[in-house]
1. Please label the shape of chain A as rounded, prolate or oblate, based on the square roots a ≥ b ≥ c of the eigenvalues of the alpha-carbon gyration tensor (a/c under 1.5 means rounded; beyond that, a/b larger than b/c means prolate, else oblate).
2. Return one whole number: the accessible area per residue of the range B:142-219 in Å², for a 1.4 Å probe.
3. Once phi is turned into ³J(HN,Hα) by the Karplus curve 6.51 cos²θ - 1.76 cosθ + 1.60 with θ = phi - 60°, what whole-Hz value does each residue of the range B:52-67 show in order, with x for glycine and proline?
4. For the pair residue A:190 and residue A:27, what calculated FRET efficiency results from E = 1/(1 + (r/R0)^6), where r is the Cβ-Cβ distance and R0 = 22 Å, to the nearest 0.05?
5. Over the protein assembly as shown, what is the percentage of antiparallel beta bridges among all DSSP beta bridges, to the nearest 5?
6. Distance between Cα centroids, the range A:184-235 to the range B:113-144: provide it in whole Å.
7. Rounded to the nearest 10 degrees, what's the angle between the helix A:266-278 long axis and the longest principal axis of chain A, both from Cα atoms, 0 to 90?
8. Among DSSP beta bridges whose residues both lie in the range A:79-234, state the antiparallel percentage, nearest 5.
Amino acid sequence: MIQMKEFTFQYDTGKKPALKNIDLEIHDGDFVGIIGNSGAGKSTLTYAINGIVPHYYPGDFYGSVLVDGMDTVDTAPEQLAVKVGSVFQDVDAQMVATYVEDELLFGMENFGVPKDEIEARLTEALQKTGIPDLRFREIDSLSGGQKQKVAVAAIIALRPDIIVLDEPTGELDPESSDQIFQMLKFLNETYGTTIIVVEQKVGLLCGYAKRLVLLEQGEIILEGPVREVLKNADRMEEIGIHVPRVVSLYKELVQRDLFRGEAPIGLEEAETMVREVLS
Amino acid sequence: MKGLMNYFPGDTFLHRMDPRSKIVFSLLVCIACFVTNNIYVLLGILVLDLLIGVFGGIFTQALRLLKGLLKIALFLFILQALVMRAGTPAFYIGKLAITWEGLKTALMGVLRLIDITLPLALMISLTRMSDLSNALVSRWHVPYKYAFAITSTIRFIPVFTSDLRSIMEAQTARGVEFDTKNFFKKASLIVPLCVPLLISSVKKIETAAMAVELRGFNLRTKDSSSKVSQFHLPDYLLLLLGIGLIVLAVLI
Ligand SMILES: Nc1ncnc2c1ncn2[C@@H]1O[C@H](COP(=O)(O)OP(=O)(O)OP(=O)(O)O)[C@@H](O)[C@H]1O
Ligand SMILES: [Mg+2]
């Protein structure tokens, strides 16, 4: 479990706090989407969870961030990394190896995974991310989506309880983006891995996440189950967040008194709504 | 540079050999080249180099490399032949005498250059970078940080080139024409792009450093690698061959 209590952080080089008065609890097995405009503090929030803040980016740190009871300020990032796996926005930069296999071995070898266990974990991680056929491929020769999966596989091999991802679909086409989220959902449902993901494509995110956190200028302004947060679609559009089109449609229908149900999430529910309205 | 440091995948006995024996063999060949004054030994080594290409299944690459080296060699050959004044004249260019001794020294020099470069370049083409770095760290106790710095540098080259390409594409979209034949004009267009490239590179390296540390880089020791390189019969034979070459070079 992750607990942030009255957490405020200002980078040493920053002029104002990147995050202000954050109170947030993320439970085991949750799937949380973080949204917000550029500069809202989304990346900083992920840094606070994996210990990059304050260990690599020093600054003024108030309040507390606990990961499974460990205070991130007192815990070395490497130690935290056993619990929290991180996938950075820039996939190319985070790759260390030339070959997919070596990319997965790197972390396992460093953390001292017993040598007789390595092979099993390697095949398992490739299986879970759906890329067993890429094992001996050169990373340079892979597509953006495939590289993302390799990055996630390299983290999964370390068996973290929590995975933090910063815009994992940033440069991907809709189909590959969907595949990444399918994979995250699979990990979340099958193994109970806690997923925390920053994502610009709110529509895509809403189809998979259980909860949303909306940041604006360093503060959490909306937080809760996806359906609850989407009830504030007006407020979201006001600050410039693109709400999913089905939600806009839903609002329109409710306004014209054509529909009375809950806001739909994902295509299937949208279809049900439209059918109901038409009949 | 292309083809010089590139790994050519394969499964020949040369691919499977211990990286250490391949490196040591290349160095032994180097020594033999310097020790010998016999042109037949140098020619013999050249044949051996090409055989490495054949057995490693990269003969075409070996020839391409040889062709590239010959261009530099030709230049050195002419230079050396012109500089060497002593000896009996072979022919004259105007008033300048080209001597037999000069021609022979030039030929030896060129052969040496090729003989020294080829084995190392070919052996590296037959060795995966990660295997080499693993072997150096776990067996020769090279600090992992250095091995990692070198392999990362090589790995980042294509990343930076693709960054540069995308910056250039963005500029092209704004009407800058890079496909000019004039070298100076092209340079004057590309040099200003180095600043954005530098900024994006520094950011990348920063992310890379954090990502690597979060995956336990600092916990790694020389015993961390799960792939342990081991000497087998072919490795010993190859080293024996290298020593044999030196002995031969000393004797004749
Ligand atoms: N390394 C840093 N040093 C100083 N200030 C920083 C640093 N990183 C971010 N900031 C500042 O902190 C604030 C929050 O940045 P952050 O990167 O967390 O936002 P974000 O929501 O991830 O934005 P984006 O969508 O652009 O990635 C911004 O005002 C930013 O300028
Ligand atoms: Mg960000």
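The values are calculated or read from the model by the stated rules, or taken from the named source; none is laboratory data. Worth saying up front: this structure is predicted, and the values here are computed from it rather than measured. Positions of Cβ are backbone-derived with ideal geometry, glycine not excepted, and every protein chain shown enters the neighbour counts. When the accessible area is computed, the model is the full protein with side chains, heavy atoms only, and any ligands, DNA or RNA have been set aside. Shrake-Rupley method; radii C 1.70, N 1.55, O 1.52, S 1.80 Å.
1. Oblate is the answer for chain A, as a/c is 1.5 or above yet b/c matches or exceeds a/b.
2. For the range B:142-219, the solvent-accessible area averages 64 Å² per residue.
3. Once rounded to whole Hz, the list reads 4, x, 5, 5, x, x, 10, 4, 4, 5, 4, 5, 4, 4, 4, 4.
4. Calculated transfer efficiency: 0.80.
5. In the protein assembly as shown, DSSP labels about 60 percent of beta bridges as antiparallel.
6. One Cα centre to the other: 48 Å.
7. So the inclination is approximately 10 degrees.
8. Around 45 percent antiparallel, to the nearest 5.
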